[in-house]
1. Given H placed on each backbone N at 1.01 Å, which residues far from Leu55 in sequence or on other chains put an amide H within less than 5 Å of it?
2. Is the shape of region 50-143 best called rounded, prolate or oblate, per the rule: a/c under 1.5 gives rounded, else a/b larger than b/c gives prolate, else oblate, with a ≥ b ≥ c the square roots of the Cα gyration tensor eigenvalues?
3. Give the order of Phe60, Phe113 when sorted by the count of other beta carbons within 10 angstrom, beginning with the fewest.
4. Based on other C-beta atoms within 10 Å, arrange Arg46, Arg38 from fewest to most.
5. With θ set to phi - 60° and the Karplus curve 6.51 cos²θ - 1.76 cosθ + 1.60, what are the ³J(HN,Hα) couplings of region 34-51 in order, to the nearest whole Hz, using x for Gly and Pro?
6. Sort Tyr126, Tyr66, Tyr149 by Cβ crowding within 10 Å, fewest neighbours at the top.
Amino acid sequence: MTTKVKALFSVVVVGVVSSLAASASADDVCAGVPAKERNLGLLAWRNDIVSVTPLNELRFAGKAKYSQTEGVIIKLRATPGTSVPWLERVNSCHLALAGSGRLAGDEATADPFILAGTTVRVSESYAGYVLTVRAAKPAEVQEILQRSYAMTSTPDNSKMASLEAR
């Protein structure tokens, strides 16, 4: 074998091994997570979304204070069997599947939770849960906002009613 062939062969072997490791890791993280939650991730709770608002943080430039959008806040109503650890586990599984290239379809392209460079924090509130999705770059923030607002639209593009409006 020539040196080029050996190098190419080793690159292919390393790629296959890392792909198999990512796949095995995704299977480990997803053990016990139902298929719907595996494939949809936090989008499985789409019908329980109460509100979607921009995550604005105050910044300082010298003495001047200004607000900058860092991501989005998504509020979910509480449902039986749902908890902060469960939502975090479902999100970890979904991210692992996305990272291993095992997600496909329209849901993956509309998912604000799996964009590169984003972080998702789940916390509990009085009436449910708060998902805080942050992005590192302004372009990613805009994409998160667009995808998040699209989650609250029904197929005919009308907004769903929220509990806050009642």
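1. Glu70, Gly71, Val72, Ile73
2. Because a/c hits 1.5 or more and a/b fails to exceed b/c, region 50-143 counts as oblate.
3. Phe60, Phe113
4. Sorted ascending by nearby Cβ count, the order is Arg46, Arg38.
5. The phi angles translate into x, 4, 4, 5, 4, 6, 9, x, 5, 5, 5, 9, 4, 6, 9, 6, 8, 7 Hz.
6. Tyr126, Tyr66, Tyr149
Values quoted throughout were computed directly from the atomic coordinates according to the rules given, and no laboratory measurement underlies them. Please read all numbers here as calculations on a predicted model, not as lab measurements. Counting neighbours? That spans all protein chains shown, and the Cβs are built from the backbone with ideal geometry, glycine included.
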